[in-house]
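Q: My questions will all concern the structure given below.
The values are calculated or read from the model by the stated rules, or taken from the named source; none is laboratory data. Everything numeric here is computed off the predicted structure, so don't read it as measured data. Backbone-built Cβ (ideal geometry, glycine too); neighbour counts: all protein chains shown.
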Amino acid sequence: MNQELETATFAGGCFWCTEAVFLAIEGVKSVRSGYIGGLTQNPTYKEICNGDTGHAEAIEIVFDPNIISFGELLELFFATHDPTTLNRQGNDIGTQYRSEIFYHNENQKQLSLEYISILNHENTFGKPVVTKVSLAPIFYPAETYHSNYYNLNKTQSYCNYVITPKMEKLKKVYSDKLKK
């Protein structure tokens with residue numbers, strides 16, 4: 001039986017990083033970088049960078065649950081960013097870099113809360129997970145130059161220093177989940 005495609009929305013710091021990770025995953029049909037969870041309508045990158053709009057840099061993933069489950073996407077999300085730092089990922093600091101899951105249905109909400117509970121119970125990160133779980137409000141797509149940023153700008157210093165190590169870890173630890 002063929003299910004319809006589903007949507008997952010994750011904020012895990014810089015969307016260039018998270019987009020690159022999920023674009024490489026089998027069963028992921030598309031990934032859009034954008035802004036979510038703030039007050040300003042149609043925010044721009046420049047506006048969210050100052051942290052005043054309340055938006056997080058996020059990605060909207062369209063995936064085939066027959067190939068990859070939401071639970072597997074959660075596993076990848078938590079494995080490829082630091083969910084223990086509030087409003088920070090590495091040198092990126094501000095509310096726009098927070099760790100947050102924006103759920104689209106009750107199943108996603110429950111799976112997310114259960115996964116965080118397990119991570120905390122097992123003390124996976126040595127510190128509590130601060131990732132918020134919120135109902136997905138309007139997602140505003142980022143400007144086009146952010147699309148597929150890593151793959152188009154691998155030699156840029158940020159990409160080379162921050163994203164390439166994440167991609168190498170992904171290839172090493174999750175090679176079975178990568179697109180062929």
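Q: If I101 meets every condition in (1) at pLDDT 95 or above; (2) outside any strand (DSSP E or B); (3) not hydroxyl-bearing (S, T, Y) apart from one, which number is that one?
A: Single failed check for I101: (2).
Q: Residue check, D82 against (1) surrounded by fewer than 16 Cβ atoms within 10 Å (Cβ to Cβ); (2) in contact with a Ser or Thr (Cβ under 9 Å, 6 or more places away or on another chain); (3) of a type in the set (D, E, K, R), all met but one. Which one?
A: Just one mismatch for D82, condition (1).
Q: Give segment 17-65 a look and list any residue that's among the small types (G, A, S), surrounded by fewer than 21 Cβ atoms within 10 Å (Cβ to Cβ), under 14 Å from the mean Cα position of the chain (by Cα) and not in a strand (DSSP E or B), or say none.
A: Kept after step one, since they are among the small types (G, A, S), are these residues of segment 17-65: 20, 24, 27, 30, 33-34, 37-38, 51, 54, 56, 58.
Filter once more, so that each one left must be surrounded by fewer than 21 Cβ atoms within 10 Å (Cβ to Cβ): 24, 27, 30, 38, 51, 54.
Those still in the list that are under 14 Å from the mean Cα position of the chain (by Cα) too: 24, 30.
A24 - this is the single residue of segment 17-65 that is among the small types (G, A, S), surrounded by fewer than 21 Cβ atoms within 10 Å (Cβ to Cβ), under 14 Å from the mean Cα position of the chain (by Cα) and not in a strand (DSSP E or B).
Q: Continuing with this model, one more query. Out of segment 11-53, which residues are of a type in the set (F, W, Y) and in contact with a strand residue (DSSP E or B) (Cβ under 6 Å, 6 or more places away or on another chain)? First the steps, then the outcome.
A: Residues of segment 11-53 of a type in the set (F, W, Y): 15-16, 22, 35, 45.
Once the filter is applied, which keeps residues that are of a type in the set (F, W, Y) and in contact with a strand residue (DSSP E or B) (Cβ under 6 Å, 6 or more places away or on another chain), segment 11-53 yields F15, F22, Y35.
Q: Specify the residue that is farthest from T131 (Cα to Cα); the eligible residues are those in segment 66-81 that are without any contact (Cβ under 8 Å) to a residue 60 or more places away in the chain and assigned to a loop (DSSP other than H, G, I, E, B). Spell out how you get there, then give the answer.
A: Quick first cut of segment 66-81, residues without any contact (Cβ under 8 Å) to a residue 60 or more places away in the chain only: 67, 69, 71, 74-75, 78.
This time we only want the ones that are assigned to a loop (DSSP other than H, G, I, E, B), so: 67, 69.
Numbers: I67: 26, S69: 20 Å.
The residue in question is I67.
Q: Output the number of residues of segment 48-100 satisfying the condition of being over 16 Å from Y115 (Cβ atoms) and of a type in the set (D, E).
A: 5
Q: While we're looking at this one, here's another question. Check whether at least one residue in segment 150-168 is aliphatic (A, V, I, L, M), under 30 Å from Q41 (Cβ atoms), in contact with a helix residue (DSSP H, G or I) (Cβ under 8 Å, 6 or more places away or on another chain) and free of Cβ contacts under 8 Å to residues at least 40 places away in the same chain, and report yes or no.
A: Within segment 150-168, not a single residue is aliphatic (A, V, I, L, M), under 30 Å from Q41 (Cβ atoms), in contact with a helix residue (DSSP H, G or I) (Cβ under 8 Å, 6 or more places away or on another chain) and free of Cβ contacts under 8 Å to residues at least 40 places away in the same chain.
Q: Out of K172, K154, K177, K127, report the one residue that is over 15 Å from G13 (Cβ atoms), surrounded by 17 or more Cβ atoms within 10 Å (Cβ to Cβ) and more than 15 Å from the chain's Cα centre (by Cα).
A: Values: K172 fails: surrounded by 17 or more Cβ atoms within 10 Å (Cβ to Cβ); K154 fails: surrounded by 17 or more Cβ atoms within 10 Å (Cβ to Cβ); K127 fails: surrounded by 17 or more Cβ atoms within 10 Å (Cβ to Cβ).
Selected residue: K177, the only one of K172, K154, K177, K127 that is over 15 Å from G13 (Cβ atoms), surrounded by 17 or more Cβ atoms within 10 Å (Cβ to Cβ) and more than 15 Å from the chain's Cα centre (by Cα).
Q: Select from segment 157-167 the residues that are loosely packed, with under 12 Cβ neighbours inside 10 Å and either at pLDDT 95 or above or of a type in the set (S, T, N, Q) (or both) and list them in ascending order. Reasoning before the result, please.
A: Taking segment 157-167 as the starting set, the residues that turn out to be loosely packed, with under 12 Cβ neighbours inside 10 Å are 157, 161, 165.
Correct list: S157 only.
Q: Do we have any residue at all in segment 99-116 that's in contact (Cβ under 8 Å) with a residue 12 or more places away in the chain, of a type in the set (S, T, N, Q) and in contact with a Gly (Cβ under 6 Å, 6 or more places away or on another chain)?
A: yes
Q: Given the criterion in contact with a helix residue (DSSP H, G or I) (Cβ under 7 Å, 6 or more places away or on another chain) and farther than 30 Å from G126 by Cα, identify the matching residue among F15, F78, F63. Lay out the reasoning, then the answer.
A: On the way: F15 fails: farther than 30 Å from G126 by Cα; F78 fails: farther than 30 Å from G126 by Cα.
When all the criteria are applied, what remains is F63.
Q: Another question about this same structure. Go through (1) within 24 Å of D52 (Cβ to Cβ); (2) surrounded by fewer than 15 Cβ atoms within 10 Å (Cβ to Cβ); (3) in contact with a strand residue (DSSP E or B) (Cβ under 9 Å, 6 or more places away or on another chain) one by one and return the number of the condition G90 breaks.
A: (3)
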